[in-house]
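Colleague: One structure follows; several queries about it will come next.
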Amino acid sequence: MQLLRKLLFPFSLIYALVVHLRNFLFDKGVFSSQKFDVPIVCIGNLSVGGTGKTPMTEFLIVLLKPHYKLAVLSRGYKRKSDGFLLADEQTTVEALGDEPFQIHQKFPDVALAVDADRREGIRLLSDAVKPQMIILDDAFQHRKVKPHFSFLLTPYGDLYTDDWYLPTGNLRDSKKAAQRADIIVVTKCPSKITKTEQGTILEKLKPHKHQVVLFSFLDYDDAFHGPSEKMEVEALHGKEITLVTGIANPAPLVGYLKSKGLTFEHLAFKDHHFFTQKEIDLLNRKRLVITTEKDFVRLRNHVSNLYYLPVMHRFMGDGQHIIYDALTKLMKERS
């Protein structure tokens, strides 16, 4: 695969040219960006693959929900529905997409909608629920909307500054586009990343004066959650375990489980994978299946002995307070 990606280098140059031209036309106003009255907070990245956007969205919900009436708008990647859809109790994972459905299940009191047309989605969502703030998930490249505040996520060990354009690399947007971000979050860091290492990363990212760079790590729960019960991680020692992942980068989870002394069979599928009946039958023959929260919402009604491990963003130092203060300031300016 790596050889094939290198052979496709000429196509990556064409892709890069198209990306730069598109951004140039937006920057010069040839293509229009619409601003809305309701504060729009964008979460996104510059590359394909897992950077932790869903945990970041959930972090903001937990942080801000006690203070503001929030709504979340997502594209609903690989959903089996079209147009605008506002989630309710009858909405299925197939209709919403796995990540929006996960958020909807965890925060049923927060309005969540999906629409590939973000401008239309914002209008319809605003009319339907009158939110004080809309969190726009995975929308850094959706320049038809001009957000009031933007988070750019880039994973530790795979910074956008070290990457190249598709299909040779994983970049889907220009590195220069990072200057539109207000806060850059380096995600999936080691929980004890040193100040020296943080300084090295800052030298690579070269943030502008208006930007803040924060460092976060994934904090896994100490128990696996099932439909009606929990199991402590330590209780799985010596058990026959199958780990199932349908995410872009399962390495952090695999590393965490190994650090806890667990041995397991790992069945890795592509990101946003919808499981076939044959695959579900295989999983039902396994003694104990553990998975990610995103995969759990797709499998929970089909696989027995299924558990997931919750995960959330944790920020180094004063990162959480910096985010809260920045968004509180935004809301005061918009009121």
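Colleague: Of the conditions (1) open to solvent by less than 50 Å² (accessible area, probe 1.4 Å); (2) in the same structural domain as K230 (by the TED database); (3) out of contact with any Asp or Glu (no Cβ under 6 Å at 6 or more places or on another chain); (4) in contact (Cβ under 8 Å) with a residue 60 or more places away in the chain, L327 fails just one. Which one is it?
Modeller: (2)
Colleague: Quick one: in the stretch 154-174, of everything that is outside any loop (DSSP other than H, G, I, E, B) and touching a Phe, Trp or Tyr at 6+ places or on another chain (Cβ under 9 Å), which residue is nearest to T54 (Cα to Cα)? Step through it out loud before you land on a result.
Modeller: The initial filter retains those residues of the stretch 154-174 that are outside any loop (DSSP other than H, G, I, E, B), namely 154-155, 160-162, 165, 171.
Still in the running and touching a Phe, Trp or Tyr at 6+ places or on another chain (Cβ under 9 Å): 154, 165, 171.
On the way: T154: 13, Y165: 23, L171: 19 Å.
Per the criteria, the residue is T154.
Colleague: Mind listing whichever residues of the stretch 231-284 are among the polar types (S, T, N, Q) and in a loop (DSSP other than H, G, I, E, B)?
Modeller: Applying the first criterion (among the polar types (S, T, N, Q)) to the stretch 231-284 yields 242, 245, 249, 259, 263, 276-277, 284.
Of everything in the stretch 231-284, those that are among the polar types (S, T, N, Q) and in a loop (DSSP other than H, G, I, E, B) turn out to be N249, T263, T276.
Colleague: Among the residues of the stretch 175-194 satisfying the criterion of being among the basic types (K, R) and assigned to a helix (DSSP H, G or I), which is surrounded by the fewest Cβ atoms within 10 Å (Cβ to Cβ)?
Modeller: Filtering the stretch 175-194 down to residues among the basic types (K, R) leaves 175-176, 180, 188, 192.
Cutting the leftovers down to assigned to a helix (DSSP H, G or I) gives us 175-176, 180.
Working: K175: 17, K176: 13, R180: 20.
Taking the candidates together, the pick is K176.
Colleague: If you check V41, V30, which single one turns out to be of a type in the set (A, V, I, L, M) and assigned to a loop (DSSP other than H, G, I, E, B)? Full working, then the answer.
Modeller: Numbers: V41 fails: assigned to a loop (DSSP other than H, G, I, E, B).
After applying the criteria, what remains is V30.
Colleague: Here is a check on your reading of the model: is Y77 of a type outside the set (G, A, S) and either in the same structural domain as D163 (by the TED database) or modelled with pLDDT of 95 or more (or both)? Quick ask: steps written out before the conclusion?
Modeller: Details: of a type outside the set (G, A, S): yes; either in the same structural domain as D163 (by the TED database) or modelled with pLDDT of 95 or more (or both): no.
No: the conditions fail for Y77.
Colleague: Still on this structure, I have one more. Which one is most open to solvent (accessible area, probe 1.4 Å) among residues in the stretch 195-213 that are under 15 Å from Y160 (Cβ atoms) and outside any loop (DSSP other than H, G, I, E, B)?
Modeller: Filtering the stretch 195-213 down to residues under 15 Å from Y160 (Cβ atoms) leaves 201-208, 211, 213.
Applying the additional criterion that residues be outside any loop (DSSP other than H, G, I, E, B) yields 201-205, 213.
Numbers: I201: 13, L202: 68, E203: 129, K204: 95, L205: 12, V213: 25 Å².
Ranking the qualifying residues of the stretch 195-213, first place goes to E203.
Colleague: Same structure, new question: Checking A95 against (1) in contact (Cβ under 8 Å) with a residue 40 or more places away in the chain; (2) among the small types (G, A, S); (3) surrounded by 14 or more Cβ atoms within 10 Å (Cβ to Cβ): exactly one of these is not met. Which one?
Modeller: Tallying (1) in contact (Cβ under 8 Å) with a residue 40 or more places away in the chain; (2) among the small types (G, A, S); (3) surrounded by 14 or more Cβ atoms within 10 Å (Cβ to Cβ), A95 fails exactly one: (1).
This table checks each residue for (1) open to solvent by 40 Å² or more (accessible area, probe 1.4 Å); (2) at pLDDT 95 or above; (3) of a type in the set (S, T, N, Q); (4) assigned by the TED database to the domain that holds D158.
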{"position": "K239", "(1), (2), (3), (4)": "yes, no, no, no"}
{"position": "V244", "(1), (2), (3), (4)": "no, yes, no, no"}
{"position": "P250", "(1), (2), (3), (4)": "no, no, no, no"}
{"position": "L267", "(1), (2), (3), (4)": "no, yes, no, no"}
{"position": "K270", "(1), (2), (3), (4)": "yes, no, no, no"}
{"position": "D281", "(1), (2), (3), (4)": "yes, yes, no, no"}
{"position": "N284", "(1), (2), (3), (4)": "yes, yes, yes, no"}
{"position": "V289", "(1), (2), (3), (4)": "no, yes, no, no"}
{"position": "K294", "(1), (2), (3), (4)": "no, no, no, no"}
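The values are calculated or read from the model by the stated rules, or taken from the named source; none is laboratory data. Everything numeric here is computed off the predicted structure, so don't read it as measured data. As a convention, Cβ positions derive from the backbone with ideal geometry for all residues, glycine included, and neighbour counts pool all protein chains shown. Surface areas here come from the heavy atoms of the whole protein model, side chains and all, with no ligands, DNA or RNA. Shrake-Rupley method; radii C 1.70, N 1.55, O 1.52, S 1.80 Å.
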